[in-house]
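The values are calculated or read from the model by the stated rules, or taken from the named source; none is laboratory data. Since we're looking at a predicted model, the values are computed, not measured. Note that we place each Cβ from the backbone using ideal geometry, even for glycine, and neighbour counts take in every protein chain shown.
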Amino acid sequence: MVSIAETRVAGLDEILGGGIPLRTMLLILGTPGAGKTILAEQIAVQQAKQGKRVLIFTALSESHEQLLTALREFTFFDEALIGDRIRFLSIQTILQDGLEATADAIVEMARTQEASVVILDGFRSVAGFASSGNDVRLFLYAVRTQLALIDVTSIVTLETSPNQDGDSGALTIADGIVRLHNTLWGVRHRRHIEVQKLRAMRHLNGLHAMAITADGIHCYPRHEAVYRTTDDGVGPDRTAFGMPELDAMLHGGLNRGTATFLAGTPGVGKTLTALRYIMTGAEKGEPGLFVALIESTGQLYDKAANFGMDLRGAVERGIVTLLCLPPVEMEVDVFAAMLRERVERYGIRRLVIDSAAAVEEAIIEPHRAASFFTSLLNYLREHDVTSVLTQERVSRSVFHDGDVLTTIIPDNTLMMRVVEYHNDRRRILSIVKMRQSGFDAGLREVRIADGMIRVLPVDESDLGVLTGIATQENREMHAVHPDGGA
């Protein structure tokens, strides 16, 4: 089994597969401003907090006082560690004696200081003293192998340009390569971290979101890389909406652990239906999480109160958790991490995401939406969460909307829409599919009035209207699919 040093940088150890293997060399690459020095120094502080001694060798133009001034801005920094557990040492003058002498000096200082971790920050300056690429390889090989012999783990930061990968010699010698990206996507910068290689570790491949905050670097593993498939089945229990006619159509409610997309045209009542679902769970003692990406906390409190639902009280009692996030420059992996944290902290059993369209729009990588939502719903199923995701649909007819997100990925799809019929506008609900259960596929009228939202039983609806709408939609379907196919 490989012995490792946990970095204790939020999210990073999960991406690395557990941490940095001991007695190896890790190379951190990135363009200027990508966060290389911050990451290396954050790892140094976390190692020192675990009782290890860290030496940070610099060959940079900034003074050590400038580096410390920048470090003091982060909450992870501890001034008491400097001078004892963490020491900054300059090799600028030693480099004048050549790379071989510099390597010997680094190893000797690590030995005499009984260091566990050595960081060489700013290797580009060191490489500038080499006469050839072979000198670079020999220097790194000497540092890596000699430090490993005295049980020291080494970390090297290397600045690269946007069109350059870095020194091939450094890439060859290093046991692990972590690349930091700071890329312009449209009009916004996005930070990512990537493990290009890490010997002996089962690290997560691909790009993962990264942020630099007052707390330092926070990494967010790509959700699909962590949660791919699940073998958990769907149980026989039902989760009701608390709307009698809808629950009857669902044969008692949604199958526990399933995911339902509640699709509909604007203003049809999707959010009200989702609130009713969460509040029904609260009345049964089932912890719920309502994620609002469109409306604010105050708007939801008022909307719920107008329809007889004490959402504010449920939140104050702790049975409902409300998470309101403006979908402005949202990173979906940060969103997924926030959702996972609340699901596991509060034991969530019912979840609403209002709306899935806002999440989908935040996924700017081509063709990623389907895999992200599949992974997210697998995670929720694995944690016995029954979820409802609202989805804005512009088209008035379900027969024109056979896209992946509303009809293929979810277990259940409910459609709400406003239908024009004989110069009148009616709200109509129908169940498009339920994978785990039978259901009533008929049309039902939805009425929002007098502080209530109701799905009307057939005997309270205008049968002529429902029959006429069904006939009208059958004509539309056969006009699009003359052979009767969906």
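Selection of segment 171-194 for residues being of a type in the set (A, V, I, L, M, F, W, C) and either assigned to a strand (DSSP E or B) or not assigned by TED's automatic domain parsing to the domain that holds LEU39 (or both) yields ILE177, VAL178, LEU180, LEU184, TRP185, ILE193. Does segment 299-307 contain any residue that is assigned to a loop (DSSP other than H, G, I, E, B), closer than 25 Å to ALA449 by Cβ, in contact with a strand residue (DSSP E or B) (Cβ under 7 Å, 6 or more places away or on another chain) and modelled with pLDDT of 95 or more? Among the residues of segment 299-307, at least one is assigned to a loop (DSSP other than H, G, I, E, B), closer than 25 Å to ALA449 by Cβ, in contact with a strand residue (DSSP E or B) (Cβ under 7 Å, 6 or more places away or on another chain) and modelled with pLDDT of 95 or more, which makes the answer yes. Can you spot a residue in segment 189-198 that is loosely packed, with under 15 Cβ neighbours inside 10 Å, basic (Lys, Arg) and in contact (Cβ under 8 Å) with a residue 24 or more places away in the chain? No, the conditions are met nowhere in segment 189-198. Considering segment 325-359, the residues that are small (Gly, Ala, Ser) and modelled with pLDDT of 95 or more include one that is nearest to ALA282 (Cα to Cα), namely GLY347.
Conditions (1) closer than 26 Å to HIS192 by Cβ; (2) outside the structural domain of PHE290 (by TED's automatic domain parsing); (3) touching a Leu at 6+ places or on another chain (Cβ under 8 Å); (4) touching a residue at least 12 places away in the same chain (Cβ under 8 Å), marked per residue:
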| position | (1), (2), (3), (4) |
| --- | --- |
| GLU361 | yes, no, no, yes |
| PRO366 | yes, no, no, no |
| ALA369 | yes, no, yes, yes |
| PHE372 | yes, no, no, yes |
| SER375 | yes, no, no, yes |
| ARG381 | no, no, no, yes |
| ASP384 | no, no, no, yes |
| VAL388 | no, no, yes, yes |
| GLN391 | no, no, yes, yes |
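Looking at ALA148, ALA200, just one residue is of a type in the set (A, V, I, L, M, F, W, C) and either at pLDDT below 90 or touching a Pro at 6+ places or on another chain (Cβ under 6 Å) (or both), and that residue is ALA200. Exactly one residue out of ALA274, ALA282 is closer than 19 Å to THR260 by Cβ, in a helix (DSSP H, G or I) and touching a helix residue (DSSP H, G or I) at 6+ places or on another chain (Cβ under 7 Å): that is ALA282. Taken over segment 278-302, the residue count meeting the criterion of being within 21 Å of VAL359 (Cα to Cα) and surrounded by fewer than 20 Cβ atoms within 10 Å (Cβ to Cβ) is 5.
One residue is enough: does segment 63-80 have a residue meeting the conditions in contact (Cβ under 8 Å) with a residue 40 or more places away in the chain, among the charged types (D, E, K, R) and in contact with a helix residue (DSSP H, G or I) (Cβ under 6 Å, 6 or more places away or on another chain)? There is no residue in segment 63-80 that is in contact (Cβ under 8 Å) with a residue 40 or more places away in the chain, among the charged types (D, E, K, R) and in contact with a helix residue (DSSP H, G or I) (Cβ under 6 Å, 6 or more places away or on another chain). For residues that are touching a helix residue (DSSP H, G or I) at 6+ places or on another chain (Cβ under 8 Å) and farther than 16 Å from ALA356 by Cβ, scanning just segment 247-271, find the one that is modelled with the lowest pLDDT. Checking each candidate, the answer is GLY257. When every residue of segment 136-153 is checked against the conditions, none turns out to be within 30 Å of PRO366 (Cα to Cα), assigned to a loop (DSSP other than H, G, I, E, B) and in contact (Cβ under 8 Å) with a residue 40 or more places away in the chain. Based on this model, can you work out whether VAL458 counts as modelled with pLDDT under 95, surrounded by fewer than 21 Cβ atoms within 10 Å (Cβ to Cβ) and over 28 Å from GLY308 (Cβ atoms)? Against the criterion (modelled with pLDDT under 95, surrounded by fewer than 21 Cβ atoms within 10 Å (Cβ to Cβ) and over 28 Å from GLY308 (Cβ atoms)), VAL458 does not qualify.
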